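Working notes for the structure below.
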Amino acid sequence: MTSIRAIKGFKDILPGETELFARSIGEATDIVEKEMYTFTDRSGDLLTMRPEATAAVVRAYLQHKIYAQDPIQKYYTIGPMFRRERPQKGRYRQFYQINAEIFGVASPYADVQLIVMLVELLGRLGVTDAKPHVNSLGCPACRPDYRRALLDFLASREARLCPDCLRRRETNPLRILDCKVPRCRETSLEAPELAAFLCPECRTHFDTLQQALDELGIAYVIDKRLVRGLDYYSRTTFEIQTTALGAQSAVAGGGRYDGLVKTLGGPDIPATGFAIGFDRLAEIVAAERQIEPAVPKVFIAALGAEAQARAFPWLTALNRRGIAAEMLFEDKSLKSLMKRAGKLGARHVLIIGENELAADTGQLRNMATREQTPLALERVVEELQQRFRETV
Ligand code: ATP
Ligand code: MG
């Protein structure tokens, strides 16, 4: 097996590629079958814009032989992903994910740790209706039995399946459980349940996970349809779902991928992780709380080149002190500068024209009260900082 290495010129940041994704995500998944952006670059290399992060993190973990120093590693990544999906609200072709991965821990407690992180994060962001959905997909020891039982069940129901599911029957029958087409959903409701086929080890893993969530007082749903879109999962899968997003209900998804490190040519090291859909998260947070647009504390209305030259360093100095300041670098009348300040919603305007320069004293106008106060230009930054201190 050839080992997959980083693309030339791409640097791994430690504490991408086609074959990698096909091998790890699975040939017969939606992502690999229809969603990847794959192209040949100028030197004839076949490249894929990464559709997800986990495969690439595993590749780096292997390439740098990190497991040899210490197999237990915890990583996070944040960045854009690319999938050629049908664009709609909450579903984009370039989107962002926040990933967390734990390598080297087989225990269900690691899965629980990740679920807790997600619940905590959403709680802190004020998202109140987020709920973990959990399932177990079994392992290579017990899943084949289930696969056979599912195929037996489907044999007499071909006529009820959508074309995608007819194809999935050959390639990836578990995905049928997850099909959104109403008739497929109805059909799969009667299908045998994976839970009844779990081997003792998978059963214990799933029971322990549930007990730990119960113990922590985390409400969750056991979701028998949660098979997820990537082949590499084993045992635990989970999703955080909300009602805030309409059809796109999953804000984060993840699970255990015990076989992936080995599949990609490494030692037999278990792993588990999640990906948060950053765009969806931002949409939920924006819907749940009113985010005030940033408004400048002070707008500097400098009239003429000399005043502009004098005032420009104040802009940087104020911003550096955390005071939101704005200025228009154009030779405009006081009237149009005031209009601009009003449009930006600036709380105060610092007026400096010829007279103010001559007197070495600017005028600070409070936009709400229209009150004007003289301000010594020598100490203008310090004065403003003093004034805004309580409100900064
Ligand atoms: P879905 O069932 O919504 O297609 P998925 O199983 O393909 O999700 P993952 O690959 O597990 O999703 O990605 C994790 C998270 O990334 C999802 O829960 C979702 O919040 C987000 N996500 C996935 N695809 C997109 C996309 N095209 N645009 C925006 N966010 C996305
Ligand atoms: Mg998807």
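If you place +1 on the Cβ of every Lys and Arg, -1 on the Cβ of every Asp and Glu, and leave all else neutral, what size is the dipole of the range 256-323 about its Cα centre, to the nearest 20 Debye?
320
Once you sort the root eigenvalues of the Cα gyration tensor of the range 1-120 as a ≥ b ≥ c, which label holds: rounded (a/c under 1.5), prolate (a/b larger than b/c) or oblate (the other case)?
Judged from the Cα gyration tensor, the range 1-120 comes out oblate (a/c at least 1.5, b/c at or above a/b).
Say a paramagnetic label sat at a point 7 Å from the Cα of residue 224, along Cα to Cβ; which residues of the range 122-148 have their backbone N under 18 Å from it?
Once the point is set 7 Å along Cα→Cβ of residue 224, 133-139, 143-148 turn out to lie under 18 Å by backbone N, inside the range 122-148.
Dipole size in debye (nearest 20) for the range 186-328 around its Cα centre, Lys and Arg Cβ +1, Asp and Glu Cβ -1?
720
When the Debye formula is applied to the Cα atoms of the range 291-392, each taken as the same point scatterer, what base-10 log of I(q)/I(0) results at q = 0.12, 0.14 Å⁻¹?
-0.33, -0.46
Local charge sum around residue 326 (other residues, Cβ-Cβ under 12 Å, Lys/Arg +1, Asp/Glu -1)?
+4
Please list 188, 107 in order of solvent-accessible area, largest first, computed with a 1.4 Å probe with all protein chains present.
From most accessible down to least: 107, 188.
Quote the convex hull volume per residue of the chain, based on C-alpha atoms, as a whole number of Å³.
211
What distance in nm separates the simple spin-label points at residue 117 and residue 43, each placed 7 Å from Cα in the Cβ direction?
Inter-label distance under the simple model: 3.4 nm.
With all protein chains present and a 1.4 Å probe, how do 111, 70 order by accessible area, largest first?
My answer, sorted largest first, is 70, 111.
Set the Förster radius R0 to 30 Å, insert the Cβ-Cβ distance between residue 289 and residue 343 as r into 1/(1 + (r/R0)^6), and round the FRET efficiency to 0.05.
The calculated FRET efficiency here is 0.75.
Take the alpha carbon gyration tensor of the range 115-256, find the square roots of its eigenvalues, order them as a ≥ b ≥ c, and report rounded if a/c is under 1.5; if not, report prolate when a/b exceeds b/c, else oblate.
Note, shape of the range 115-256 comes out oblate.
Once every DSSP H run of n ≥ 4 in the chain is given -39500 (n - 2.57) and the sum is divided by its residues, what mean residue ellipticity at 222 nm do you get, rounded to the nearest 500 deg cm²/dmol?
Using -39500 (n - 2.57) per qualifying helix, the result is -10500 deg cm²/dmol.
With a 1.4 Å probe and all protein chains kept in place, how much accessible area does residue 194 have, in Å² rounded to the nearest 10?
10
Leaving ligands, DNA and RNA out of it, rank 272, 369, 208 by accessible area with a 1.4 Å probe, largest first.
From most accessible down to least: 369, 208, 272.
Under the Karplus relation 6.51 cos²θ - 1.76 cosθ + 1.60, θ = phi - 60°, what is the ordered set of whole-Hz ³J(HN,Hα) values for the range 322-331, x standing for Gly and Pro?
Running phi through 6.51 cos²θ - 1.76 cosθ + 1.60 with θ = phi - 60° gives x, 9, 5, 10, 9, 7, 9, 8, 9, 7 Hz.
Note down the accessible area of residue 92, probe 1.4 Å, to the nearest 10 Å².
Roll a 1.4 Å probe over it and residue 92 shows about 70 Å².
Would you mind computing, in nm to one decimal, how far apart the modelled labels at residue 320 and residue 141 are, each placed 7 Å from Cα along Cα→Cβ?
Inter-label distance under the simple model: 6.4 nm.
Could you tell me which of the pairs 89/343; 8/65; 224/262 are separated by over 25 angstrom between their Cα atoms in the structure shown?
Long pairs (Cα-Cα over 25 Å): 89/343; 224/262.
Can you list residues from other chains, or at least 5 along the same chain, whose modelled amide H is less than 5 Å from the amide H of residue 36?
84
On average, how much accessible surface per residue is there in the chain, in Å², for a 1.4 Å probe, leaving out ligands, DNA and RNA?
52
Rounded, prolate or oblate for the range 129-205? Axes are the square roots of the Cα gyration tensor eigenvalues, ordered a ≥ b ≥ c, and the cut-off for rounded is a/c under 1.5.
Oblate, since a/c reaches 1.5 and b/c is not below a/b.
Cut-off 18 Å, label point 7 angstrom out along Cα-to-Cβ of residue 360: give me the residues of the range 368-390 whose amide nitrogen falls inside.
Counting only backbone N, you get 374-384.
Amide H to amide H, which residues 5 or more places from residue 138 or on other chains are under 5 Å from it, using H placed in the peptide plane?
Amide H neighbours of residue 138, under 5 Å, 5+ apart: 235.
What's the carbon and sulfur percent of the chain's accessible surface, probe 1.4 angstrom, rounded to a whole number?
53
The values are calculated or read from the model by the stated rules, or taken from the named source; none is laboratory data. On a predicted model such as this, the values are computed, not experimentally measured, just so you know. As a convention, Cβ positions derive from the backbone with ideal geometry for all residues, glycine included, and neighbour counts pool all protein chains shown. Just so you know, the surface numbers come from the protein's heavy atoms only, side chains and all, with ligands and any DNA or RNA stripped out. Shrake-Rupley method; radii C 1.70, N 1.55, O 1.52, S 1.80 Å.
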